[in-house]
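*Asks:* After the structure tokens below, expect a handful of questions from me.
FYI, it's all coordinate maths here, none of it is from the lab. This structure is a prediction, so every number in the text was calculated from the model and none was measured. Cβ sites come from the backbone with ideal geometry, for glycine too, and all protein chains shown count toward neighbours.
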Amino acid sequence: MRLKDLLTQRFSAAMIAAGIPEDCSPMVALSGKPQFGDYQANGAMGAAKRMRANPRDLATQIIDKLNLEGIADKLEIAGPGFINVHLSPSFLSDNLKRINSRSLDKKDKKIVVIDHSSPNLAKEMHVGHLRSTIIGDCLARILEFQGHEVVRQNHMGDWGTQFGMLIAELELHLGDGEQAALALNDLEVFYQQSKKHFDEDTEFADRARDYVVKLQSGDKHCRNLWQKFIDVSVAHNLEIYQKLNVGLLKKHIKPESAYNDDLEPVLQDLVDQGIAVDSDGAKVAFLPELADKNGNPSPMIVQKSGGGFLYSTTDLAALRFRVNKLHANRILYFIDARQSLHMKQVFITGRKAGYAPHSVSLEHHPFGTMMGNDGRPFKTRSGGTVKLADLLTEAVERAEKLVRKKNSDLNESDIKSIAEKVGIGAIKYADLSITRTNDYIFNWDAMLSFEGNTAPYLQYAYTRICSIFRKAGIEQNSLIAAVNIIEAQEKVLALKLLQFNEVIDQVAIDCYPHTLCTYLYELASAFMTFYEHCPVLKSDVSEDIKQSRLQLCALSADTLACGLDLLGIEVMEKM
Ligand code: ARG
């Protein structure tokens, strides 16, 4: 059981025994400072207010009834009625033995659908797609680690008006005898070309419009060209996922086009249920739940007056599919904060239409924007969008320079593989370690620094531990020693190690990966402090203590590697 849950349980029982109403929470929290113990129970103040009692007296009564035998070795009342809990070292060492038992109760196992990455295939992936891709990947890893069944859904944009223009362009190129792969070598250039044709050549523009309609009604020629384009664009995305060490595969792609046949039935159903009504020839769902200041309901168009369907129609079809066919209990959407209104509209309409019963949790987890040094959305020097592929290449190049400077006795292939892990890790960590909903400033030097809350710092801490084991001549995972906590730094480290699962539980609920990053940074720092104060391999350290400390080292390395893996970041033995 999680430490916090255990203490909450014991405190609740004591409060009831002390005559405090059952719905008063003990409010167990981590202590801010070591002198206030390891945990604090702050519920006496709230209860005293309700009962018009003296909070310190109430705290004394709670302690009288409290059973923390074998768990805590000191309790004290501080300030107006905080109860500080000092956990006992032997309790901590006992629990360290069971640190790896984290099985999920069968009844708590959920099917979690995660909508992430979901780029538009018309263009190349750019930096704007990074956040959804990696934050969603982190949550997929965490929920899977907990034992849930995760179904990733890459809701790629492969349908809609832009594709008429793109296939008309591709037709021109292929007509000139060019191969599709070559013509589409640079999707960005290709897109610009076709846009230019579209804007300047009316005949081309008419053809492009005609092709959209033909494509959507299943015309062979158009489908064929479209498929060629999609194949190249998808391959490019899959390559990026691999480079990013993100678990998205081809089988997770469920693009907009996959819902083409569902759109008409969804519309019909919304009309039949009176949820979508006619408005100037279009079909619109008016949502009073999202009314503006003047009480005008928020409109969500589900069919244009010309008959075309929209992004929202597809999302409703996708929602229905995820509930009915994937049997989701929870659906997480990792999409830019700018789409918040869209998501609200989809959720409200989806609930009304009965596509998602209230037992299914629908969650939009928005995120802020990656900014440049100038405080504006991150751009190239000339003001263009930064291709994600280019950004990743630069990260690895910069990391390689650093690695070469830092360690000269690595061989070439080691350097390449370390640079890959450090460069990609740095970009991902810089993003994941910021509160998700905030914007952040992209800064190469900060993210690649070996000091502070960065991936290289954590990866370096891991290599330090590996080198201790190399020096000791022991395999890290062959240890079975018990941990004997003597020094204060050992206790701090042990407590941190035991809190790993609490942190994971938290991130699994609120989907804020920075909590895990902060934890790992604190863990690495606790390890460094421990290592400075508590010699491990010195000749005057007794064999018992040496074994115990090596065990702490091994647990620290495992936890760091596991936590980084949940962020999608790799570790290495040397760097
Ligand atoms: N393709 C969309 C975009 O690039 C994101 C799709 C997100 N997922 C969804 N179910 N709407 O903006």
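*Asks:* If I take all pairs of Cα atoms in the stretch 393-441, what percentage of them are more than 18 Å from each other?
*Replies:* Details: 433 of 1176 pairs.
Roughly 37 percent, once rounded to a whole number.
*Asks:* I'd like to know which of ALA446, ALA488, LEU75 lies farthest towards the positive end of the charge dipole of the chain, counting +1 on Cβ of Lys and Arg and -1 on Cβ of Asp and Glu.
*Replies:* Of the options given, the answer is LEU75.
*Asks:* As a test of understanding, state the convex hull volume per residue of the stretch 487-550 from its alpha carbons, in Å³.
*Replies:* Per residue, the Cα convex hull of the stretch 487-550 comes to 74 Å³.
*Asks:* Kindly provide the pair-distance distribution of the stretch 377-491 built from C-alpha pairs, with 5 Å bins from 0 and whole-percent values in order of increasing distance.
*Replies:* Calculated P(r), rounded to whole percents: 2, 10, 15, 18, 17, 12, 10, 8, 4, 2, 1, 0.
*Asks:* Still on this model: Find how many whole Å separate the alpha carbon centroid of the stretch 313-357 from the alpha carbon centroid of the stretch 370-430.
*Replies:* Distance between centres, Cα-based: 36 Å.
*Asks:* So for the chain, averaging the separation of alpha carbon pairs under 8 Å that are six or more residues apart and normalising by length, what relative contact order in percent results?
*Replies:* Answer for the chain is 14 percent.
*Asks:* Dipole of the stretch 25-169, Cα-centred, from +1 at each Lys and Arg C-beta and -1 at each Asp and Glu C-beta, to the nearest 20 debye?
*Replies:* 480
*Asks:* Take the Cα pairs of the chain, get the Kirkwood Rh, then feed it into Stokes-Einstein at 25 °C and 0.890 mPa s and tell me D in µm²/s. Let's see the in-between values first.
*Replies:* On the way: Rh = 27.3 Å.
Here the translational diffusion coefficient equals 90 µm²/s.
*Asks:* Looking only at the chain, where both bridge partners belong to it, what percent of the DSSP beta bridges are antiparallel (to the nearest 5)? Kindly include the intermediate steps, with their values, before the conclusion.
*Replies:* Details: 24 of 41 bridges.
Roughly 60 percent of the DSSP beta bridges within the chain come out antiparallel.
*Asks:* To test your reading of the geometry: what angle, between 0 and 90 degrees and rounded to tens, separates the Cα axis of helix 3-17 from the longest principal axis of the chain?
*Replies:* Orientation of helix 3-17: about 60 degrees from the principal axis.
*Asks:* Another question, if that's okay. Under 25 Å Cα-Cα from LYS491, which lysines qualify once same-chain neighbours fewer than 8 residues away are excluded?
*Replies:* LYS4, LYS33, LYS74, LYS97, LYS471, LYS538, LYS546
*Asks:* Can you give me the Cα centroid spacing of the stretch 196-251 and the stretch 471-502 in angstrom?
*Replies:* Measuring centre to centre over Cα atoms gives 53 Å.
*Asks:* Let me ask something else. Take the alpha carbon atoms of the stretch 240-291, find their radius of gyration, then divide it by 2.2 N^0.38 Å using N residues; give the quotient.
*Replies:* 1.80
*Asks:* Could you work out the relative contact order of the stretch 397-477? I mean the mean sequence separation of Cα pairs under 8 Å and 6+ apart, divided by the number of residues, in percent.
*Replies:* Reported relative contact order: 23 percent.
*Asks:* State the percent of C-alpha pairs, over all pairs in the stretch 33-119, separated by a distance greater than 18 angstrom.
*Replies:* Working: 2307 of 3741 pairs.
Beyond 18 Å sits 62 percent of the P(r) for the stretch 33-119.
*Asks:* What is the pair-distance distribution P(r) of the stretch 454-575, computed from all Cα-Cα distances in 5 Å bins starting at 0, with each bin given as a whole percent?
*Replies:* Spelled out per bin, shortest first, that is 2, 11, 23, 23, 20, 12, 6, 2, 1, 0.
*Asks:* Quick one: 3J(HN,Hα) in Hz for the stretch 461-470, Karplus 6.51/-1.76/1.60 with θ = phi - 60°, rounded, Gly and Pro as x.
*Replies:* Along the stretch 461-470, the couplings run 4, 5, 5, 4, 5, 4, 6, 4, 5, 4 Hz.
*Asks:* Turning to a different aspect of this structure: Among ASP115, ASP73, which comes first, second and so on when ranked by fewest other beta-carbon atoms within 10 Å?
*Replies:* Taking fewest neighbouring Cβ atoms as first place, the list is ASP73, ASP115.
*Asks:* Using a Cα distance threshold of under 28 Å, what count of lysine pairs results for the stretch 285-419 when pairs must be 8 or more residues apart or interchain?
*Replies:* Counting lysine pairs in the stretch 285-419 gives 18.
*Asks:* OK, next. I'd like to know which of TYR429, GLY43, ASN245 lies farthest towards the positive end of the charge dipole of the chain, counting +1 on Cβ of Lys and Arg and -1 on Cβ of Asp and Glu.
*Replies:* GLY43
*Asks:* Going from the alpha-carbon gyration tensor of the stretch 106-187, what semi-axes, largest first and in whole Å, does one get by taking the root of 5 times each eigenvalue?
*Replies:* In descending order the semi-axes read 37, 12, 11 Å.
*Asks:* Once both axes come from the Cα atoms, what is the angle between helix 500-510 and the longest principal axis of the chain, in degrees from 0 to 90, rounded to 10?
*Replies:* 30
*Asks:* Can you report the principal axis dimensions of the stretch 300-352 using only the alpha carbons, biggest first, rounded to whole angstrom?
*Replies:* For the stretch 300-352, the Cα spread along each principal axis is 36, 26, 18 Å.
*Asks:* Compute for the stretch 316-424: radius of gyration divided by Kirkwood radius, i.e. Rg/Rh, restricted to C-alpha atoms, rounded to two decimals.
*Replies:* The Rg/Rh ratio comes out at 1.22.
*Asks:* What are the ³J(HN,Hα) values, in whole Hz, obtained from phi via the Karplus relation 6.51 cos²θ - 1.76 cosθ + 1.60 with θ = phi - 60°, for each residue of the stretch 106-112 in sequence order, with x given for Gly and Pro?
*Replies:* Calculated HN-Hα couplings, in order: 3, 5, 8, 6, 10, 9, 10 Hz.
*Asks:* Treating the angle as unsigned and between 0 and 90°, give the value, to the nearest 10°, between the Cα long axis of helix 543-566 and the longest Cα principal axis of the chain.
*Replies:* 20
*Asks:* Now a separate question. Work out Dmax and Rg for the stretch 166-277 from the C-alpha atoms and quote the Rg first, both in angstrom.
*Replies:* Cα-based Rg and Dmax for the stretch 166-277 come out at 17.3, 52 Å.
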